[in-house]
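Visitor: After the structure tokens below, expect a handful of questions from me.
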Amino acid sequence: VLAVAAALRQPQTVTLRDVHSKRDVTLVGAMHYNPVSIALAERCVEEQEGLGAVVVESCESRWRRTQEVSPPGSIGRVLLPSEMLAAAEAAEERGVPISLGDTDVGELGPRLKELLIASLMDLLSPGEGWKRIGDDLRRGAKLAFDTSDLDGDALEFSDFLKPDLLLGFVTSLLAYPAAALVKAPIPVGGLLLGSAFGANYLESAAREADALAAAGGDSSASYLLLSGVLIVLDVLFPIVFGRLLLVAMLEERNVRLARSITEAADRSRGNVVAVLGALHVNGVARLLKDPSGYGEGKAGTWWTEDMLEAKPE
């Protein structure tokens, strides 16, 4: 039965019953700014039966900024279309309320800073600190990529092997940083410049290490020291970045997204389409299927409260 269900499942989507609201939920796993994902998100909203609400992976701050830089009919909307905007526009056409289901960027920044400091401190503690980092990495990787407990209600690697989706990946690579730069030019521009400077510095350091190695003699100690620093940086950066990604950017946001989906189903008294980044889908699906739930806390922000209020009983 599970094999048949998996075969009938539309690529990049998972449809399941939310055990908390008792409503059907379709999770659209988008490759951000990919034309195929954009068309899929729009189609799922247009075709969903009994649709009560649409949840998008955004927050009020980001959504308002999106409306400012690419309002309907603008050149920005034409040049930088997204699956979130496409789903929202399709929802508005159907008179269906929209929930911005993600953690607000104002909360995410401090959390990333807190986790970064904790990671650096844990690196200095080879015993308990390294264990905490290892536990976080193992748990986060399992939640994001292990689908053995989802009984077929999961995205698989094969979902993203369609030729048209892979071709659209080029568009994603260009549009994603471009959209981020337009919405937040100062922080994103600073990050890009910092990354370029860091890469240039490491390249220069590597050349210096090679020069010291070639020189030999009294330079051997300096070579070993510099090589050691470079190796440490190469090892530590993926560890710290991986913890930030798996814990703050995925695991903790999955809880907010799942909570928002359940609230959207409860308040709208209908089924839900949720448009998420692909890496969020399996983690969110697991939470929606778990009777133990995800605790009390914040859910999404309703962008179209008037539609919800007007929705008939």
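The values are calculated or read from the model by the stated rules, or taken from the named source; none is laboratory data. Note that the structure is predicted; figures quoted are calculated from it, not measured. Virtual Cβ from ideal backbone geometry, glycine too; neighbours counted across all protein chains shown. Just the protein is used for accessible areas: all its heavy atoms, side chains included, with ligands, DNA and RNA removed. Shrake-Rupley method; radii C 1.70, N 1.55, O 1.52, S 1.80 Å.
Visitor: Would you kindly identify the helices (runs of 4 or more DSSP H) lying entirely within segment 76-178 that contain at least 1 residues that are polar (S, T, N, Q)?
Guide: Hits in segment 76-178: 105-123.
Okay, residues lined up against (1) closer than 17 Å to Glu92 by Cα; (2) in contact with a strand residue (DSSP E or B) (Cβ under 7 Å, 6 or more places away or on another chain); (3) open to solvent by 40 Å² or more (accessible area, probe 1.4 Å):
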position: Thr26; (1), (2), (3): no, yes, no
position: Ala41; (1), (2), (3): yes, yes, no
position: Val45; (1), (2), (3): yes, yes, no
position: Leu51; (1), (2), (3): yes, yes, no
position: Ser61; (1), (2), (3): no, no, yes
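Visitor: Give, as residue ranges, the helices (runs of 4 or more DSSP H) completely inside segment 228-313 that count at least 1 residues that are of a type outside the set (S, T, N, Q) and modelled with pLDDT under 85.
Guide: Numbers: elements: 252-268, 278-289, 305-310.
Fully inside segment 228-313 and qualifying: 305-310.
Visitor: Could you look through segment 259-279, keep only residues that are of a type in the set (Gly, Ala, Ser) and either more than 20 Å from the chain's Cα centre (by Cα) or more than 13 Å from Arg23 (Cβ to Cβ) (or both), and pick out the one that is most open to solvent (accessible area, probe 1.4 Å)?
Guide: Applying the first criterion (of a type in the set (Gly, Ala, Ser)) to segment 259-279 yields 260, 264-265, 268, 270, 274, 277-278.
After this cut, where a residue has to be either more than 20 Å from the chain's Cα centre (by Cα) or more than 13 Å from Arg23 (Cβ to Cβ) (or both) as well, the list is 260, 265, 268, 270, 277-278.
On the way: Ser260: 0, Ala265: 1, Ser268: 1, Gly270: 4, Gly277: 6, Ala278: 30 Å².
Among residues in segment 259-279 that are of a type in the set (Gly, Ala, Ser) and either more than 20 Å from the chain's Cα centre (by Cα) or more than 13 Å from Arg23 (Cβ to Cβ) (or both), the one most open to solvent (accessible area, probe 1.4 Å) is Ala278.
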